[in-house]
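Below: one structure, written as structure tokens.
Derivation of every value follows stated rules applied to the coordinates shown; laboratory data play no part. All of these numbers come straight from a predicted model, not from anything done at the bench. Cβ coordinates were reconstructed from backbone atoms using ideal geometry, including for glycine residues, and neighbour counts include every protein chain displayed.
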Amino acid sequence: MATPDYSEWLMHSQWTLADAAALAAGVEPVRDDRPNKVVETVLDAPQRKRIEVVYRELKSATGTERAQKREGFTEVEASRTGLLGNTRVLTSEFLAWAARRRFELPEPLRMAAPAAPSSVTATEAHLSERLATLNQTARKFWGNVNREERDTHPNNRDVVKWLIERGFSESLANKAATIIRPEWAVTGRKPEK
């Protein structure tokens, strides 16, 4: 079974419940003649079990408006076909929910998920979720760049887009991208090659 291309999947603002469960289990979602079903014959038992657990919990968390509110889902797009697996949730809300539930996510999803509120220590209890998202964004976009090689520096447009997908307004995302940019990072156009 192929490893998911998480960078590609994380660009989607929404995932179906079935896709989210498969990705959380480290499995590339695959379609067969049944919409949004992972092909079960190619999965080993632990993978299948992880997908089933995440899917069942996610289905329960999004099944009613009351459950959605309790679990932190603000936008759930019900399936037009009536198939529950085609129901869509915001990617950022799924990742936040999975972090709060302490699901063991693959590294790329863990890095993209906001810190779970319960993981905040008593001395950090004053930190907001937005600040946690900013810290996560700084790590994601600036954590592995080479100071001397400007072509490794992220483009502010990409940072802003990522923050908007996580609930920031465009204005706030622009300001946040400026705030997390290290002082040593030159602003302006990247040099042409």
* To do: Place the peptides 146-157, 56-67 in order of packing, highest mean first, counting for every residue the other Cβ atoms within 10 Å and averaging per peptide.
  => 56-67, 146-157
* Asked: When Phe94, Phe103 are ordered from fewest to most other Cβ atoms inside 10 Å of their Cβ, what list results?
  -> Phe103, Phe94
* For the range 122-180, treating each Cα as an identical point scatterer without solvent, what Debye log10 I(q)/I(0) comes out at q = 0.15 1/Å? -> -0.46
* **Using a Förster distance of 41 Å, the FRET efficiency for Ala78-Ile179 (Cβ separation, nearest 0.05)** => 0.65
